[in-house]
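Colleague: Take a look at this one; I'll ask things after.
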Amino acid sequence: MQIVNYPLFAIVGLIVLGFGFSSIYAHTTIEVGPYEIEVGWQDEPPVVGILNAITIEISEPGDVEGVSMGITNAFKNLQASVVSGGASKVLDINSDPRPGHYYAKIIPTKTGSLELKLEGEINGVKINDVIPIEDVESTSVLDFPITSGSSSGQEVVALKNAVTSLQKDVSSIKSQVGGIDTNSGNFDAETAYNFGVFGMSLGAAGVILAIIAMVKRK
């Protein structure tokens, strides 16, 4: 009579399930013939400028129902490329110690979506598929504390430059208006109008700059 240690079996089962759920987070899976191909990032979320790796798992049904077997040497006649817009790059595929697991190191250089293109065959099964993977995020998801190079800091610098430019324009118009003798009948109404518009623009820019400064102090 064989005795089964059910508590131990349950614990092992939960551990296996936990690893299974973590491995499929934000990954995409497709089926081609008898093969199941799962693609995703090694570290999630992927961040621009930080070394990462695209992982690829290729498996097929095993002898036991519900249990898959990893395919070794899957990239013997199979090529993987990463695609971004109209640009593409052939990946250097490395084998993971686990059968059927592969990865390619990559440093994403821009935010947005990427796709993995697989072309070739595995044991006679033709493969020509494009698989979407999780979008690359900006470093803002990891940045702390916020630096002066942040978007709000750039907005403040841009507004300061705009105010400086407006001040120069207003000074120039003032000098022109000051040199006009309004009693001689040569007063230019258009110049006065432009002066008023620039004055209002200067005031609006000052208000916006003050609002952003107050928000940053909170």
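Bear in mind these aren't lab numbers, they're just calculated from the coordinates by the rules spelled out. This is a predicted model, so every value here is computed, not measured. Methodologically, a virtual Cβ is constructed for each residue, glycine included, from the backbone with ideal geometry; neighbour enumeration extends over all protein chains shown.
Colleague: What nm value, rounded to one decimal, do you get for the distance between K76 and D96 when each label is placed 7 Å out toward the C-beta?
Modeller: With each label point 7 Å from Cα toward Cβ, the separation is 2.2 nm.
Colleague: How high is the relative contact order of the range 41-154, in percent, with contacts defined as C-alpha pairs under 8 Å that are six or more residues apart? Spell out each step's value before the answer.
Modeller: On the way: 208 pairs, mean separation 32.5, N = 114.
Relative contact order of the range 41-154: 29 percent.
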